[in-house]
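Have a look at the structure below, then the notes.
The values are calculated or read from the model by the stated rules, or taken from the named source; none is laboratory data. Because the structure is a prediction, the values reported are computed rather than measured. A quick note on method: Cβ atoms are made from the backbone with ideal geometry, for glycine too, and the neighbour counts reach across all protein chains shown.
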Amino acid sequence: MSSSSLPIPFNRPGYTGREIAYMQEAMQSGHLSGDGAFTKRCHAFLEERYACKKALLTSSCTDALEMAAILCRIAPGDEVIAPSFSFVTSVNAFVLHGARPVFADIRPDTLNLDETQVEALITKKTRAIVAVHYAGVGCEMDALMDLARRYQLPLIEDNAHGLDGKYRGRYLGTFGSLATQSFHETKNITSGEGGALLINDASLAERAEIIREKGTDRSRFFRGQVDKYSWVDVGSSFLPSELTAAFLYAQLEALDSIQRRRKALWLRYHDGLRDWAEKSGVGLPCVPEHCEQTYHMFYLLMPSLETRQAFIAHLKEQGIQAVFHYLPLHLSVMGKEFGGQEGACPVTEDVSDRLVRLPFYSDMTPAEQERVINAILQFN
């Protein structure tokens, strides 16, 4: 089968070439459980690059969000404000602890949480605001941080898409009290499964370690700060293995080169599709001038649901996998249990019907990308 007829997947994990060597090094060290040498290297990398008070690897971004819920002392009856256009764990991590999600709509340009709607959703029961940086483009953090300060609420950045992105020259994940990262195989930097919690509020750092270590002060014991460790708080086992950390460290080391490749891919899509999109009434991603995106994805906003479905089918016929993205959380089975109803988040409902994501991965070849672009140009 020639390369021109091979299927083009939506995603394919990329490798730097050092993952296997680092995993072998971890195996030879005799330490495969969490918080070994490679975990410490990953922590140091994240803390140095993003100047957070503490970085803690987790088994997933979901785990990091669940840690955030515990750190914010979320309890039954509390409310947490989050965008409806997001992955389920942006709210489920808090629902697990009894909170009621309060769904906010998104902006029609960046598809981020609409900062102008948040204040009206704040009540005496509100305990946190979750800002999701969709596609690695920053939310309007000045306005959201102002709200968080005025109402004395923790702002949690769900930065699953946004590692290394910036808002007004400052890294995403460094604004809120807490920020969560994803290293899932679909992300720019991956360990298959994996995540991290970035702690910007120093007062939360020690408790975060305890929560991550099953509610014990084991980390203090290993640093020689106590002569034995015991159960001191609630917690769970959120640590990834050393094999995961070793794989991740190889990726983090190559972050800059990975980002350069992805930027070139994103720009090629944008330049190759701009004229077609304008003629066809198709929207392209919006990146404000004050935001530096992460080149996490390339999406199109089709004119209608019917057009999107025909577009996906057209690409499928040519061996190209394109996918839609989030369904509105407020209209899901669980969302309706919390009062979600049609019309509550009109931008989310509209975008969800029309958005399609194109194949986008770090080692995508020029020939593969040209096949996708040419196939799209044939659609009308």
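Computed values, structure above
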| read-out | value |
| --- | --- |
| Any hit, the range 180-190, residues being under 23 Å from Glu349 (Cβ atoms), surrounded by 23 or more Cβ atoms within 10 Å (Cβ to Cβ), of a type in the set (Val, Ile, Thr) and at pLDDT 95 or above | no |
| Tally, over the range 104-118, of residues that are outside any loop (DSSP other than H, G, I, E, B) and either in contact with a Ser or Thr (Cβ under 7 Å, 6 or more places away or on another chain) or buried (at least 21 other Cβ atoms within 10 Å of the Cβ) (or both) | 4 |
| Flag if Gln225 is at pLDDT 95 or above and either surrounded by fewer than 21 Cβ atoms within 10 Å (Cβ to Cβ) or not in a loop (DSSP other than H, G, I, E, B) (or both) | no |
| Selected residue [buried (at least 20 other Cβ atoms within 10 Å of the Cβ) and not assigned by TED's automatic domain parsing to the domain that holds Gly136] from Arg262, Arg268, Arg274 | Arg262 |
| Residue match in the range 155-169 (condition: touching a helix residue (DSSP H, G or I) at 6+ places or on another chain (Cβ under 8 Å) and farther than 26 Å from Cys52 by Cβ) | no |
| Qualifying residue in the range 237-256 (condition: surrounded by fewer than 16 Cβ atoms within 10 Å (Cβ to Cβ) and of a type in the set (A, V, I, L, M, F, W, C)) | no |
| Given (1) over 25 Å from Ala160 (Cα atoms); (2) surrounded by 14 or more Cβ atoms within 10 Å (Cβ to Cβ); (3) in contact (Cβ under 8 Å) with a residue 12 or more places away in the chain, number of the condition Gly281 does not satisfy | (2) |
| Of the criteria (1) within 24 Å of Val118 (Cβ to Cβ); (2) outside any loop (DSSP other than H, G, I, E, B), which one Ile211 fails | (1) |
| Candidates Gly272, Gly340, Gly335, Gly319 - the one that is in contact (Cβ under 8 Å) with a residue 60 or more places away in the chain and at positive phi | Gly319 |
| The listed residue being among the acidic types (Asp, Glu) and under 22 Å from Ser182 (Cα atoms), out of Glu79, Glu19 | Glu19 |
| Residue in the range 304-323 that is surrounded by fewer than 20 Cβ atoms within 10 Å (Cβ to Cβ), within 19 Å of the chain's Cα centre (by Cα) and either over 18 Å from Ser84 (Cα atoms) or modelled with pLDDT under 95 (or both) present | yes |
| Among (1) under 20 Å from the mean Cα position of the chain (by Cα); (2) crowded, with 17+ Cβ neighbours inside 10 Å - the single one Asp217 does not satisfy | (1) |
| Residue check, Gly173 outside the structural domain of His296 (by TED's automatic domain parsing), of a type in the set (Gly, Ala, Ser), buried (at least 24 other Cβ atoms within 10 Å of the Cβ) and more than 18 Å from Glu48 (Cβ to Cβ) | no |
